[in-house]
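One structure is given here, and the rest of the page talks about it.
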Amino acid sequence: MPFKVFKTFFVVLAIVSTTTLAFAQEPKNPISEEEKFNSKNLLDETAMQAEMDFYAGNDHQAELIFKGLKEKKNHDVALWGNQLGSLYLAQGRKKEALEAFMDAYLVMNNLTAFKDLELKSVGLTSSEATKAYKGDPYEKVFNSFYVGMLLYADKDFENALASFKNGILCDSDVGSDLYKSDVTILYLMASRLESLQKNQSMADDYFKQAMEAFILSCPNNRALVSQEQSLLDDLAKKQKILLKKEAPYKNENSAESAKAKAKTKTAKLEKEIADLGTEISKLETEIKVLTDKIQENGRKLVTSSLRDIVNLNNNTLLCIETGKGPLKYQSGNFGEKAIFTIKPYQATGFSVTVDNFTRIDVGSFLKNNDIYYQASTRGGRVMDSILKGKAEFKQTTADVSEVISVASQVYDPYGVMSLFSLATKAVSNATNPYADARHWSLIPAEIQMIPLHLNAGTHKFQIDSYDSKGKLIESVKFDLEIKDEVSNVIFKRFRGKIS
Amino acid sequence: MLSLRGSGERFLNMKKLFFIVSVFLLSGCASVNPYALTKTQTVLDLSNNRGVALFTLKVNNPAQGSRLSLASFTARETNQYKAYNTLGYYSVPLTQESYSVQDDLYFCSAILTSGIYRLDSFNGMINLLFGVPYTLKMDKIFDVYPGVISYLGRLDSGPLDMKSAFMQLKSIRDNYEQDTVKFKEIFPVLQNKEIGKDSFY
């Protein structure tokens, strides 16, 4: 009897599967492209596909996805704007790029936009990613840079200058003093625009700050700057402790001072204050040595490229974007830490040939505008300590639940402890400490800028890219019309394709 | 007699039933892991935005004594657009054919949907008989592009340290020429296929 049942079941199964296969056909009306990439049908996670499509050179699909996502106008609208802006710029569509970057700019620099979501995200059970994307300081800096460059190319000099100034302001929003305002390219553009508007003293000021930023961010000085920054942090801490210890004895009028005077300084306290003083003066000497070394390295730098950028005789600025920008991802036991890494990019050196005879080599390029350096020196955020607290809470509640669960197995006749263990576990599971890893991933790894003096008319360009050993990787040729004006801007992207 | 014949038939029927059910149940065990290349594979389907990442792992087993035998590697999805607790976690098996005794090298492949992944670790045993679990920690990021097969490099953890339960990655070298020839030898499906060069980071 059971065999008969099974036999019938398998016969029916065989018939059903063969008939299904026989009648299976390609759907007659496959989903149209318009429907597939409609904002209503697109999930946010599809953006990863668009990202990989962009780096693999499938721009069409990448554009459809990012465009569809941007149309949702949700809390990630600035992120989609930046991604789309980079994509358009890589295709040479400057007008569309400006629109996309500008949309992002308006959200990224608006403190009140999506404010209600920001308050929600600090809750124990809410994720940081629920708040609106407004970008890290480095993302705000480069968004302002692109908006500024594209407005400048559009001859909207006043707004371009405002945008570069905004970028400079965003760069000062990082934790550590030495990493504040070290994006040379922004100061140079501000200086150039002030010159254009005949504000020479302001132009000189910006140029001076550009030189300082250039010295601080040059690769030879990066280790020294990092060392100096940690000494400065240490110094600030020690000075604060010293101030606290000495405060009761310095302030003549306070009640605390009167009490302290009554007691008089103990020998132990005096020794502590003296030791702190010695440590502070030692730190100050070490900082002075490092500052001198940084300045000495700075004097060896070739700065002609900086002067060439602010020189208004150069009517064309060629911006070469290379590599894939920094990747931000979650780490730690509960994904509570967001860390940056960078993919090595092959094309690091370039040469430009104009009209088959003028060849410009490495020395004339403004380099070191690498975005990873800016991303990784942003310092800690307030949100990092909130996430750390959430992760600790999640771990503690999980541990408590485990202990109660074990104890309940030994003695818990009424199951009360088990219920309590279950409730603690539920709280642990509901705690959401995951860091927000959203970032502008289509941004290049580095922007190199070269100023050119070209006559009006159509020119033939050839850009050759080389690896660090000088081996030719890629050669790009294109024709471009240079207008009889001071603000010609060319963007060319090398995406670091798989060789 | 009749009852005996009846019970014999029933026994035969039960045997048939047992055979059919076992084939049905064991079919899962014999199925091919969709994330790794195999020697017998004749078709490589890279539709639906899938791509292949190839890399090798040098295991410096001592000449004599205990040896490390690896069973699998794990890769974690890294997707900024997805919630952290929904990210994919893949365990890709290392088959016998992917190990070259001659070079003490593992030829690893991962067929994944295009995206960014983190190579977490290689897992295996020291002493197959009384196995002691062992982990080679990697923590390296790699990209998978749609429809693209890419070689990422040769991972090396240095000489095997039996005293600890895990080892960290020491270096990554580019052995593109040598490794891609061997990959094509081991996995015939890769022959006549273009293998690009990419890198871990």
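The values are calculated or read from the model by the stated rules, or taken from the named source; none is laboratory data. It should be emphasised that the depicted structure is a prediction, and the values quoted were computed from it without experimental measurement. So basically every Cβ, Gly included, is an ideal-geometry build from the backbone, and we count neighbours across all protein chains shown.
When the residues of the range A:321-358 are filtered to those that are outside any loop (DSSP other than H, G, I, E, B) and within 8 Å of chain B (Cβ to nearest Cβ), the one that is surrounded by the fewest Cβ atoms within 10 Å (Cβ to Cβ) is A:Thr341. With respect to the conditions (1) in a helix (DSSP H, G or I); (2) surrounded by 19 or more Cβ atoms within 10 Å (Cβ to Cβ), B:Glu97 falls short on a single one, namely (2).
Looking at A:Gln209, A:Gln229, just one residue is surrounded by 15 or more Cβ atoms within 10 Å (Cβ to Cβ) and either within 13 Å of A:Thr291 (Cα to Cα) or in the same structural domain as A:Asp292 (by TED's automatic domain parsing) (or both), and that residue is A:Gln229. Residues that are farther than 30 Å from B:Pro62 by Cα and either charged (D, E, K, R) or in a strand (DSSP E or B) (or both) are absent from the range B:180-188 altogether.
Taken over the range B:180-201, the criterion of being touching a strand residue (DSSP E or B) at 6+ places or on another chain (Cβ under 9 Å) and under 19 Å from B:Leu155 (Cβ atoms) is satisfied by B:Thr180, B:Lys182, B:Phe183, B:Ile186, B:Phe187, B:Ile195, B:Gly196, B:Lys197, B:Asp198, B:Ser199, B:Phe200, B:Tyr201. Can you say whether B:Leu105 is surrounded by 15 or more Cβ atoms within 10 Å (Cβ to Cβ) and either of a type in the set (D, E, K, R) or touching a Lys or Arg at 6+ places or on another chain (Cβ under 7 Å) (or both), as far as the supplied structure shows? For B:Leu105, the condition - surrounded by 15 or more Cβ atoms within 10 Å (Cβ to Cβ) and either of a type in the set (D, E, K, R) or touching a Lys or Arg at 6+ places or on another chain (Cβ under 7 Å) (or both) - is met. Scanning the range B:140-173 for residues that are within 11 Å of another protein chain (Cβ to nearest Cβ) and in a loop (DSSP other than H, G, I, E, B) yields a total of 4. Given the criteria out of contact with any His (no Cβ under 6 Å at 6 or more places or on another chain), modelled with pLDDT under 90 and closer than 30 Å to A:Lys94 by Cα, does A:Thr303 qualify? In short, yes. Would you check if B:Tyr201 is within 10 Å of another protein chain (Cβ to nearest Cβ) and buried (at least 16 other Cβ atoms within 10 Å of the Cβ)? So B:Tyr201 passes the test.
Every residue, every condition in (1) modelled with pLDDT of 90 or more; (2) surrounded by 18 or more Cβ atoms within 10 Å (Cβ to Cβ); (3) under 26 Å from A:Asn143 (Cβ atoms); (4) not acidic (Asp, Glu), yes or no:
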{"position": "A:Gln448", "(1), (2), (3), (4)": "yes, yes, yes, yes"}
{"position": "A:Lys460", "(1), (2), (3), (4)": "yes, no, no, yes"}
{"position": "A:Asp467", "(1), (2), (3), (4)": "no, no, no, no"}
{"position": "A:Val476", "(1), (2), (3), (4)": "yes, no, yes, yes"}
{"position": "A:Leu480", "(1), (2), (3), (4)": "yes, no, yes, yes"}
{"position": "A:Phe491", "(1), (2), (3), (4)": "yes, yes, yes, yes"}
{"position": "A:Phe494", "(1), (2), (3), (4)": "yes, yes, yes, yes"}
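If you go through the range B:109-137 and pick out every residue that is part of a strand (DSSP E or B) and touching a residue at least 60 places away in the same chain (Cβ under 8 Å), you end up with 11.
Per-residue answers, yes or no, for (1) more than 11 Å from chain B (Cβ to nearest Cβ); (2) modelled with pLDDT of 75 or more; (3) part of a helix (DSSP H, G or I):
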{"site": "A:Phe6", "(1), (2), (3)": "no, no, yes"}
{"site": "A:Ala22", "(1), (2), (3)": "yes, no, yes"}
{"site": "A:Glu26", "(1), (2), (3)": "yes, no, no"}
{"site": "A:Asn41", "(1), (2), (3)": "yes, yes, no"}
{"site": "A:Ser86", "(1), (2), (3)": "yes, yes, yes"}
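With respect to the conditions (1) among the charged types (D, E, K, R); (2) assigned to a strand (DSSP E or B); (3) more than 14 Å from chain B (Cβ to nearest Cβ), A:Glu272 lacks only one, and its number is (2).
Among the residues examined, B:Asn127 does not qualify as surrounded by fewer than 19 Cβ atoms within 10 Å (Cβ to Cβ) and modelled with pLDDT of 90 or more. Number of residues in the range B:41-53 that are part of a loop (DSSP other than H, G, I, E, B) and either at pLDDT 90 or above or over 16 Å from the mean Cα position of the chain (by Cα) (or both): the value is 8.
Condition check: buried (at least 20 other Cβ atoms within 10 Å of the Cβ) and either part of a helix (DSSP H, G or I) or modelled with pLDDT under 70 (or both). Does A:Gln409 satisfy that? In short, no. Taking the range B:33-63, which residues are over 20 Å from B:Gln178 (Cα atoms), among the charged types (D, E, K, R) and out of contact with any Gly (no Cβ under 9 Å at 6 or more places or on another chain)? B:Asp45, the sole residue that qualifies. Could you tell me whether B:Thr74 is surrounded by fewer than 18 Cβ atoms within 10 Å (Cβ to Cβ) and either of a type in the set (Lys, Arg) or not in a strand (DSSP E or B) (or both)? It is false that B:Thr74 is surrounded by fewer than 18 Cβ atoms within 10 Å (Cβ to Cβ) and either of a type in the set (Lys, Arg) or not in a strand (DSSP E or B) (or both).
The condition (being within 14 Å of another protein chain (Cβ to nearest Cβ) and either buried (at least 18 other Cβ atoms within 10 Å of the Cβ) or within 39 Å of the chain's Cα centre (by Cα) (or both)) is satisfied by just one residue among A:Leu472, A:Leu442, A:Leu452: A:Leu442.
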